[in-house]
Amino acid sequence: MNLVIIMGRLTKDPETRTNSGTTVSRYTLAVDRRYKSNKSEQTADFINCIAFGRQAEFAEQYLHKGTKMVITGRIQTGSYTNKEGQRVYTTEVIVDSAEFAESKTTSVANNTDEIANPTDTVPVYSTPAPEAPKNDVPEWMKMSEDMDDLPFS
């Protein structure tokens, strides 16, 4: 199973483009990493995220530098050869759903960038869950109402 859930703050505004009719948005989350040392220092991992379609449109419209988000998705690895002929390996999170991890009011307080109207409501888009299978009970499992002699009730 390839499932990732991360929470962090955007390091800059998302970069959004439309390629062949599909909207693609790229952004980086700074995700806190805690480790034990003498000083109990805290560092961050910078996770590259890619959103497609509605998720990308959501990112373009509502996400800004400093916004705290919870992202659910999957890890995708890849590689390419750069201009110097060196092999470069990549790891990214493909976004399935994105949710705000704090209110707009808190975000404004933690951010130097002003948000126009902190009382606006912002929709959260997520990929719809697969449709549940129909509850077709096989004939042999159906119980009639006259089964009063069962050892349990």
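Read the figures in this text as sums done on the coordinates, not as results from a lab. Everything quoted here is computed from the prediction, not taken from an experiment. FYI the Cβ positions are ideal-geometry reconstructions off the backbone, even for glycines, and counts take in every protein chain you see.
In table form, for the structure just shown:
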{"read-out": "Ranked by how many other beta carbons lie within 10 Å on average, peptides 79-89, 25-35, 57-67 from highest", "value": "57-67, 25-35, 79-89"}
{"read-out": "Calculated FRET efficiency for the pair Phe52/Ile6, C-beta based, R₀ 25 Å, to 0.05", "value": "0.90"}
{"read-out": "Pairwise label distance in nanometres, Asp45 with Gln61, each label 7 Å out on the Cα-Cβ vector", "value": "3.1"}
{"read-out": "Contour excess over end-to-end distance, with Cα ends at Val70 and Arg26 and 0.36 nm allotted per residue", "value": "14.3 nm"}
